[in-house]
Amino acid sequence: MRRRARMYIDGSIELLSEIYEQVKDDALESKVVTTSSKDFSDMLSIRIYQDTEGYKTLMEYINKYNLFYTFAEGREYTKEEIKSAKYFTVEIIYPWEKDGTSADEYGTKYEDTCSCKLCKGSKKQISDLIINKKKMGKYDIATIQPEIIVNEKLYNLILENELSGCEFKLVRDYKGREEPVFYQLVINNILPNMNDGIRTEIVEDVYCKKCKRNGVFLRSEVIYNKESMKEACDFNLTSEYFGQNLYCAQTVIASKKVFDLFKKNKIKRVFFEPVNVI
C-alpha cells in the first residue's frame, strides 16, 4: 500500500512560496493560492505521496512554524494486496446526494427519541423504507443515507450465496408504484471497536460533544485486531460513526466473499478498500 496525502496549508505568501519551491518536485500537484480577503489566509494546496522526501520536508515546515493544515489520505493497493484481503470497507453510490434528500422526506418514519438530543443524529427507522423508486434507475445497489437498497438481481444473489449478517425488507415507493421491486438491505452485525492505530480528525465546528459521533472523520485505512474479527459476518457495520450531519453513519465492512460476488456479477458503482487486520 502507498499512502497519498491531500493537504491545504495556511500561512503567509512568502513562507508558502518557500515551501512550494522545496517540495514541488515530489508533489503530484501543488499550487499556492493567494487571497486579498481579510477573512481567509493564503494557502498551499498539495497532493503528495507520504513516502517521499518532499512530504518529510513539508511536515518539518508545518511543525517548525506551527502551521494550520487540513489532511485527507488516499491509498493505493497492489493487486496482490487486494487479492489477499479478507475484509473490505464498502462505499455505495447515493443517487439522492445532489438534492440532499433523505428517506424521511418521502415518508419514512424515524423515532427521534433514539437520536442524539443535541445533533439529532442516529435516528432509528421505525417504518418501511419509502423512496422515489425512479431515482434508483438501473442501480443494483444504492443508498439513501444511511439506508441501503438493492434490486431483485442482487437480492437473489445474496440469498443464493447465503451471505450472512443481513436481512431484507421490502421498499415502498412514495407514489405507490409497485414496480420495480427493491429491497432494503439491513445489516445487523456490529463489529467491536477498531484498533487504536486508526487516524481520525475531529472538526470542532460540527463535532457533537454529547454523542461524540457527528464531526469525526476517518483519515486512515480501517484497522482491526484479529480477535475483533472472530465474529465478523459477510456484512457488518462498524461500532464507530464517521462524517457529519446527513453523512454521519457507520461504515459497511464486507467479507472477501462479498467482494468476489460483486466483481463476478459486475455490480457497479460500489467501491471497496481493503481492511487492515493485524
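Structure data summary
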{"item": "Matching residues, region 166-197, being acidic (Asp, Glu) and either outside any loop (DSSP other than H, G, I, E, B) or within 23 Å of residue 267 (Cα to Cα) (or both)", "result": "167, 173, 179"}
{"item": "Filter result (in contact (Cβ under 8 Å) with a residue 60 or more places away in the chain and either over 13 Å from the mean Cα position of the chain (by Cα) or not assigned by TED's automatic domain parsing to the domain that holds residue 138 (or both)) within region 245-273", "result": "245, 254, 255, 256, 257, 258, 259, 261, 265, 267, 268, 269"}
{"item": "Restricting region 198-225 to residues that are hydroxyl-bearing (Ser, Thr, Tyr) and assigned to a loop (DSSP other than H, G, I, E, B), the residue that is surrounded by the most Cβ atoms within 10 Å (Cβ to Cβ)", "result": "207"}
{"item": "Extreme residue, surrounded by the fewest Cβ atoms within 10 Å (Cβ to Cβ), among residues of region 101-140 that are small (Gly, Ala, Ser) and touching a residue at least 24 places away in the same chain (Cβ under 8 Å)", "result": "137"}
{"item": "In region 25-34, residue farthest from the chain's Cα centre (by Cα) [restricted to those that are modelled with pLDDT of 95 or more and either farther than 19 Å from residue 5 by Cβ or surrounded by fewer than 16 Cβ atoms within 10 Å (Cβ to Cβ) (or both)]", "result": "25"}
{"item": "Residue within region 141-151 that is under 27 Å from residue 233 (Cα atoms), surrounded by fewer than 16 Cβ atoms within 10 Å (Cβ to Cβ), in contact (Cβ under 8 Å) with a residue 24 or more places away in the chain and not hydroxyl-bearing (Ser, Thr, Tyr) present", "result": "no"}
{"item": "Test for residue 37: is it surrounded by fewer than 13 Cβ atoms within 10 Å (Cβ to Cβ) and at pLDDT below 95", "result": "yes"}
{"item": "Selection count where residues are more than 15 Å from residue 169 (Cβ to Cβ) and over 24 Å from the mean Cα position of the chain (by Cα), scope region 118-145", "result": "1"}
{"item": "Qualifying residue in region 62-78 (condition: among the aliphatic types (A, V, I, L, M) and surrounded by fewer than 16 Cβ atoms within 10 Å (Cβ to Cβ))", "result": "yes"}
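Residue-by-condition table, conditions (1) within 25 Å of residue 217 (Cα to Cα); (2) at pLDDT below 95; (3) of a type in the set (A, V, I, L, M, F, W, C); (4) in contact with a Lys or Arg (Cβ under 9 Å, 6 or more places away or on another chain):
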position: 236; (1), (2), (3), (4): yes, no, no, no
position: 246; (1), (2), (3), (4): yes, yes, yes, no
position: 255; (1), (2), (3), (4): yes, no, no, yes
position: 259; (1), (2), (3), (4): yes, no, yes, no
position: 265; (1), (2), (3), (4): no, no, no, yes
position: 269; (1), (2), (3), (4): yes, yes, no, no
position: 273; (1), (2), (3), (4): yes, no, no, yes
position: 276; (1), (2), (3), (4): yes, no, no, no
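Yes/no per residue for (1) of a type in the set (A, V, I, L, M, F, W, C); (2) within 19 Å of the chain's Cα centre (by Cα); (3) outside the structural domain of residue 91 (by TED's automatic domain parsing):
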{"site": "205", "(1), (2), (3)": "no, no, no"}
{"site": "217", "(1), (2), (3)": "yes, yes, no"}
{"site": "222", "(1), (2), (3)": "yes, yes, no"}
{"site": "239", "(1), (2), (3)": "no, yes, no"}
{"site": "243", "(1), (2), (3)": "no, yes, no"}
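The values are calculated or read from the model by the stated rules, or taken from the named source; none is laboratory data. All values reported here derive from a predicted model rather than from experimental measurement. Here Cβ is always computed from backbone atoms with ideal geometry, including for glycine, and neighbour counts include all displayed protein chains.
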